[in-house]
Every structure is written in C-alpha cells, then in structure tokens.
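All remarks here apply to the structure that follows.
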Amino acid sequence: MATAFGLAACHQGRRVRFYRVTELVTQLMEAREERQLLKLKKQLGKWDVLILDELGYVPPSKVGAELLFDVISTAYERQSVIVTTNLPFEQWTEVLGSERLTGAVLDRLTHRCHILEATGPSYRLQDAQRRREQPAKSKPPEPPK
C-alpha cells in the first residue's frame, strides 16, 4: 500500500523517496561518521513524501534511533511521511530503545495522520500456498523459427 501511495504521489508530480528503515539508519550513521549528516538531511528535506518501510524488523542502535527521530522530527508538518511496520505502537519502545524517544516519534507521526491497519492473512503467504497447490505446468512450446 505504501508503494501504491508513493506511485500515486509521483503521478501528481510529487517527489517521493522510498527507504527501508534499516538502510536509512545505516546511511544516516555513515553520513554522521563522515561529517556529511547535514548534507544528507538537506537531501532528505527535498522530498515531498518519505516512505519508511519495515520499521522494527531490525532495531537500530541508540544513535541510529536518535538519527531516525531527527529525520521524522524534521519532516514533521513539512513533508508527508509513510511508515510501514508489523508492530503495534506498544512495541515501538523495543525498537527505538526508550519510552521518551518513542513517545516523541509517535507524537509527530500520529498528529494529523491516517492510520491504516491491514488485518487478515498475509497476501505473500496466500500467494505461496496457491502456487504450491497448482500443478507444475509444462514448459511452454518453443516459438517457430
């Protein structure tokens, strides 16, 4: 769904950037070490929509979580931010490492937002099961020469 929203925004002429959270945090930490953090943050500020995918799959370090908060805080009320996760808000503290930081992130993300919760079975799991149930198809015929 996040990708579809991003694509729709592109069709409206908006500038959209997609990041897996772990990749963004890695880039932020590397930029910080190389004293290029302000440059990266300036680049992030140029996008109309930031899509942050898979929050919580790999918890960032304390510094990484703080850098992620900084991106979200800077984007607050300036850019649209889409976050995907499989975690309920109650478990975000486990990912971000502190209740105070989690509260601050959620405060910014949930102000003037739309929360879409997908329930039910995973479409990926359903697709995999459907493929296993289908008999193996024979190889298609060769085209004529």
Fill in: Residue-span extension gain [Cys10 to Glu23] - 0.36 nm each, minus C-alpha spacing
2.5 nm
Worksheet entry | Considering only the chain, percent of DSSP beta bridges that pair antiparallel, nearest 5 | 0 percent
Fill in: 3J(HN,Hα) from dihedral phi, segment 3-17, Karplus parametrisation 6.51/-1.76/1.60, rounded to Hz, x for glycine, proline
5, 5, 5, x, 5, 4, 5, 4, 5, 8, x, 7, 8, 10, 10
Item to complete: Mind telling me which of Asp127, Asp107, Asp70 comes out most flexible in a GNM of the chain, alpha-carbon contacts under 10 Å?
Response: Asp127
Item to complete: Given the options Ile115, Ile51, Ile82, state which has the largest fluctuation in a GNM of the chain using a 10 Å cut-off (strictly under) for Cα springs.
Response: Ile115
Practice prompt. With +1 on each Lys and Arg Cβ and -1 on each Asp and Glu Cβ, and nothing else charged, work out how big the dipole of segment 2-133 is about its Cα centre, in Debye to the nearest 20.
Written response: 540 debye
Discussion item. For the chain, take the longest principal axis of its alpha carbons; what is the angle in degrees between that and the long axis of helix 99-110, to the nearest 10 within 0 to 90?
Written reply: 70 degrees
Item to complete: On a 0 to 90° scale, report how tilted helix 21-33 is relative to the longest principal axis of the chain, with both axes built from alpha carbons and the result rounded to the nearest 10.
Response: 40 degrees
Worksheet item: Given labels modelled 7 Å from the Cα in the Cβ direction, how far is it in nm from Ser98 to Arg124?
Response: 3.2 nm
Worksheet item: How large is ³J(HN,Hα), in whole Hz, for each residue of segment 64-77 in order, when computed from phi with the Karplus curve 6.51 cos²θ - 1.76 cosθ + 1.60 and θ = phi - 60°, using x for Gly and Pro?
Response: x, 5, 5, 5, 4, 4, 4, 4, 5, 5, 5, 6, 3, 6
Item to complete: Rounded to the nearest 500, what is the 222 nm mean residue ellipticity of the chain from helices alone, with -39500 (n - 2.57) per DSSP H run of 4+ residues and division by all residues?
Response: -15000 deg cm²/dmol
Worksheet item: Amide H to amide H under 5 Å from Tyr57: which residues, 5+ apart in sequence or cross-chain, H placed 1.01 Å off N in plane?
Response: none
Practice prompt. Grab the chain and count how many Lys pairs have their alpha-carbon atoms under 28 Å apart, sequence gap of 8 or more, or different chains.
Written response: 5
Worksheet, complete the sentence: For Tyr57 and Thr110, extending 7 Å from Cα along the Cα-Cβ vector and measuring point to point gives, in nm, a value of 2.5 nm
Discussion item. Which residue fluctuates most in the GNM of the chain (Cα springs below 10 Å): Arg15, Arg108, Arg131?
Written reply: Arg131
Practice prompt. Just name one of Leu52, His11, Thr85: the one whose Cα is farthest towards the positive end of the charge dipole of segment 2-133 (beta-carbon charges, Lys/Arg +1, Asp/Glu -1).
Written response: His11
Worksheet item: Which entry in (i) -0.57; (ii) -0.38; (iii) -0.46 matches log10 I(q)/I(0) by the Debye sum over Cα atoms at q = 0.09 Å⁻¹ derived from the coordinates of this structure?
Response: (ii)
Worksheet item: Which of the GluC sites (Glu not before Pro) across segment 12-80 are loop residues per DSSP, with 15 or fewer other Cβ within 10 Å?
Response: Glu34, Glu77
Item to complete: Give the long-range amide H neighbours of Val83: residues separated by 5 or more places, or on another chain, with amide H under 5 Å away, using H modelled in the peptide plane at 1.01 Å from N.
Response: Leu52
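Throughout, read-outs are computed from the coordinates displayed, never taken from laboratory work. These numbers come from a predicted model, not from an experiment. Cβ sites come from the backbone with ideal geometry, for glycine too, and all protein chains shown count toward neighbours.
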